[in-house]
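J.: Structure in structure tokens, see below.
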Amino acid sequence: MDMDSEWMKNPNLAGIDPAKLMMLQSLASQGSQKKQSEMLPFLMAAASSSRKNGTQFSRDEIDMIVEVLKSGKSQAEIAQIDRMMQIMKMMQK
């Protein structure tokens, strides 16, 4: 397993379905090739597609995943993640 998937080994994620984590890893790989301006539409399309496929994450799962992804990041990167999460929450209302 490469370093990009090390986050999936975090013990805080032990209760999350491994299939969901693999789906997230796939999205992360695809998203890494996107420009910043393309990320929000990409994430919204991915969320819509996962709902259509019956894959849903609970609020607790999302919060745990986001916290794990923030670990080891700079303050600027954490702020960017927080902004993205705020936008996603507003879009879901």
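The values are calculated or read from the model by the stated rules, or taken from the named source; none is laboratory data. In this text the structure is predicted, and so the values were computed from the model without any measurement. Glycine gets a Cβ as well: all are built from the backbone with ideal geometry, and neighbour counts include every protein chain shown. Quick note on the areas: whole protein, heavy atoms, side chains included, nothing else; ligands and nucleic acids left out. Shrake-Rupley method; radii C 1.70, N 1.55, O 1.52, S 1.80 Å.
J.: Give me the percent of accessible area attributable to carbon and sulfur for the chain, probe 1.4 angstrom.
T.: Of all accessible area on the chain, carbon and sulfur atoms account for 55 percent.
J.: Could you give the length gained on full extension between residue 78 and residue 35, defined as 0.36 nm per residue of separation minus the Cα-Cα distance, in nm?
T.: Net length gain for the segment: 13.7 nm.
J.: For the range 1-78, what percent of Cα pairs sit more than 18 Å apart?
T.: Result for the distance tail: 45 percent.
J.: Ranked from highest to lowest mean number of other Cβ atoms within 10 Å per residue, what is the order of the peptides 19-27, 58-66?
T.: Packing order, densest peptide first, comes out as 19-27, 58-66.
J.: Any chance you could count the Lys pairs in the range 8-93 whose alpha carbons are under 25 Å apart, treating pairs 8 or more apart or on different chains as valid?
T.: 23
J.: While we're looking at this one, here's another question. Determine the order of 9, 70, 89 by accessible area, beginning with the largest, at a probe radius of 1.4 Å.
T.: Heavy-atom accessible area, descending, gives 9, 89, 70.
J.: How much net charge surrounds residue 54 when only other residues with a Cβ under 14 Å from its Cβ are counted (Lys, Arg +1; Asp, Glu -1)?
T.: Numbers: positive: 20, 51, 52; negative: 17.
Charge balance in the 14 Å sphere: +2.
J.: At 222 nm, what value in deg cm²/dmol follows for the chain if DSSP H runs of at least 4 each add -39500 (n - 2.57) and the sum is divided by all its residues, to the nearest 500?
T.: Using -39500 (n - 2.57) per qualifying helix, the result is -21500 deg cm²/dmol.
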